[in-house]
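The values are calculated or read from the model by the stated rules, or taken from the named source; none is laboratory data. None of the values given here were measured: they were computed from a predicted structure. All Cβ positions, even for glycine, are placed from backbone atoms using ideal geometry, and neighbour counts span all protein chains on display. Calculation scope for accessible area: heavy atoms of the full protein, side chains included, ligands and nucleic acids excluded. Shrake-Rupley method; radii C 1.70, N 1.55, O 1.52, S 1.80 Å.
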Amino acid sequence: AMDLSVPRRHGEVSIRLIRNRDARVLQQQLIDNRSWLRPWEATSPDGPVSFDMRLGIRRLLQQYRDGLGVPFVMEWDDEVAGQLNVWGVSRGSLASATIGYWVAEEFAGRNITTISVALATDVCFTELNLHRVEICIRPENHASLRVVEKLGFRYEGLRRRYIHIDGDWRDHYAFALVREEVPHGVLDRWERGQVPPDAAVIPPADRL
């Protein structure tokens, strides 16, 4: 059986299942990176929610045990660099999940997110036996848009006022891959330079 607490690695980058003892370092990173992360952070339409990282991790691990998601930490050289969450797992005829992530500013620009998303998508297709993986991104989030461009996630459309982020309902671009598109894996395709160059291109009509 798969053991996702064992890191999946590529070079200096690895992803592994979140642990309760990651709470302290993650909480500190979220505090240190407030201004860097705030524009991309999910909020609640019902007003501010106090966030306790320990409780958050417990909830994520419960969702993992229930088969609804896989909460990873991203690491650089075994140092925690951020979080990557596989969420909204649906089985049966859809067999799909969504990926979301954040990386601390000090670790930006090292392809950590790109490699982690590739590793996580490959886990979804091979180990979780899912068929489709989706990533939804705010149009203003250029760093995140680069990730789907580099990995060749296909643009699937504009979702109006889709997720509550930074205090309001925000438009998102949706991107996805299905397993047949990457028979040898997302990471392998990227490494070999075989990513279709225009998969993630947003048509002029959808550009905001």
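I'd like to check something: does segment 60-70 contain any residue that is under 20 Å from I163 (Cβ atoms), assigned to a strand (DSSP E or B) and at pLDDT 95 or above? Yes - at least one qualifying residue is present in segment 60-70. Considering G56, G109, the condition of being at pLDDT below 95, open to solvent by less than 20 Å² (accessible area, probe 1.4 Å) and over 19 Å from R9 (Cβ atoms) is satisfied by G56 alone.
Among residues of segment 148-181 being open to solvent by 70 Å² or more (accessible area, probe 1.4 Å) and in contact (Cβ under 8 Å) with a residue 40 or more places away in the chain, the one that is farthest from W87 (Cα to Cα) is E149.
Inside segment 182-192, residues that are touching a Lys or Arg at 6+ places or on another chain (Cβ under 6 Å) and open to solvent by 60 Å² or more (accessible area, probe 1.4 Å) make up a count of 0.
With the requirement that a residue be modelled with pLDDT under 95 and open to solvent by less than 50 Å² (accessible area, probe 1.4 Å), what does segment 1-21 give you? The one that is modelled with pLDDT under 95 and open to solvent by less than 50 Å² (accessible area, probe 1.4 Å): L4. What do you reckon, is W87 more than 12 Å from V133 (Cβ to Cβ), among the hydrophobic types (A, V, I, L, M, F, W, C) and open to solvent by 30 Å² or more (accessible area, probe 1.4 Å)? Taking the combined requirement at face value, the residue does not satisfy it. Of the residues screened, A97 is one that is touching a Gly at 6+ places or on another chain (Cβ under 7 Å) and at pLDDT 95 or above. Please tell me if E41 is at pLDDT below 95 and surrounded by fewer than 17 Cβ atoms within 10 Å (Cβ to Cβ). In short, yes. Residues that are in a helix (DSSP H, G or I) and within 14 Å of the chain's Cα centre (by Cα) within segment 96-117 comprise I112, T113, T114, I115, S116, V117, listed in sequence order.
The set of residues in segment 113-147 that are surrounded by fewer than 17 Cβ atoms within 10 Å (Cβ to Cβ) and either in contact with a Cys (Cβ under 8 Å, 6 or more places away or on another chain) or at positive phi (or both) contains only N129.
If you go through segment 79-112 and keep only what is at positive phi and touching a residue at least 12 places away in the same chain (Cβ under 8 Å), you end up with G82, G88, A95, N111.
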